[in-house]
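A.B. asks: The following block contains the structure, expressed as structure tokens.
The values are calculated or read from the model by the stated rules, or taken from the named source; none is laboratory data. Only a predicted model underlies this, so the values are computations on that prediction, with no experimental measurement involved. When we count neighbours, we look across all protein chains shown, and the Cβ atoms used for this are built from the backbone with ideal geometry, even at glycine.
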Ligand code: CO
């Protein structure tokens, strides 16, 4: 059912320093910071030949990233995002298997303007999973 790895998201304590490290030390193509107020994050997209990296930094009062950084002050992998063709069909199938969908259970529009859902990390070996319809 799942397709390509769309991105790996990394929460970072210093967005400018992390962007510069990916640009100069790793030689990656690093975009400009984008505020995503609906998701409580500022995101920097990094284009790799086969996937993307998203650097996440808290934005606003109730950012979902803040608690993660409080527990992981030097940052860490926050989630992985897999592509699906039909997000509703994927959601319904996953619910049938016992997986829990976070939030209302309805897809939201994600950072790339496409519908996304998140699956409970406790159901996926401790890894928060994002599904994105492509
Ligand atoms: Co994501």
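A.B. asks: Does region 95-103 contain at least one residue that is in a helix (DSSP H, G or I) and away from the ligand (no atom under 13 Å from the Cβ)?
C.D. replies: Yes, there is a match, as at least one residue in region 95-103 is in a helix (DSSP H, G or I) and away from the ligand (no atom under 13 Å from the Cβ).
A.B. asks: Now, a different point. For region 73-93, which residues satisfy the criterion of being away from the ligand (no atom under 14 Å from the Cβ), surrounded by 14 or more Cβ atoms within 10 Å (Cβ to Cβ) and not in a helix (DSSP H, G or I)?
C.D. replies: Within region 73-93, just 75 meets the criteria.
A.B. asks: Right, here's the next one. Go through (1) touching a strand residue (DSSP E or B) at 6+ places or on another chain (Cβ under 6 Å); (2) part of a helix (DSSP H, G or I); (3) within 15 Å of residue 131 (Cβ to Cβ) and name the single condition residue 66 misses.
C.D. replies: (3)
A.B. asks: Another question, if that's okay. Could you tell me which residue of region 108-133 is farthest from residue 41 (Cα to Cα), considering only residues that are within 13 Å of the ligand (Cβ to nearest atom) and part of a loop (DSSP other than H, G, I, E, B)?
C.D. replies: So, considering only residues that are within 13 Å of the ligand (Cβ to nearest atom) and part of a loop (DSSP other than H, G, I, E, B), the one farthest from residue 41 (Cα to Cα) is 127.
A.B. asks: Here is a follow-up. Which one of 49, 73 is out of contact with any strand residue (DSSP E or B) (no Cβ under 8 Å at 6 or more places or on another chain) and touching a residue at least 60 places away in the same chain (Cβ under 8 Å)?
C.D. replies: Being out of contact with any strand residue (DSSP E or B) (no Cβ under 8 Å at 6 or more places or on another chain) and touching a residue at least 60 places away in the same chain (Cβ under 8 Å) holds for just one of 49, 73, which is 73.
A.B. asks: Is there a residue in region 120-127 that is surrounded by fewer than 19 Cβ atoms within 10 Å (Cβ to Cβ), closer than 13 Å to residue 9 by Cα and either modelled with pLDDT under 95 or in contact with a strand residue (DSSP E or B) (Cβ under 9 Å, 6 or more places away or on another chain) (or both)?
C.D. replies: So far as region 120-127 goes, yes, one or more of its residues are surrounded by fewer than 19 Cβ atoms within 10 Å (Cβ to Cβ), closer than 13 Å to residue 9 by Cα and either modelled with pLDDT under 95 or in contact with a strand residue (DSSP E or B) (Cβ under 9 Å, 6 or more places away or on another chain) (or both).
Listed here are the residues, each with its yes/no results for (1) modelled with pLDDT under 95; (2) within 16 Å of the ligand (Cβ to nearest atom).
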| residue | (1), (2) |
| --- | --- |
| 5 | no, yes |
| 8 | no, yes |
| 15 | no, yes |
| 25 | no, no |
| 28 | no, no |
| 32 | no, no |
| 37 | yes, yes |
| 40 | yes, yes |
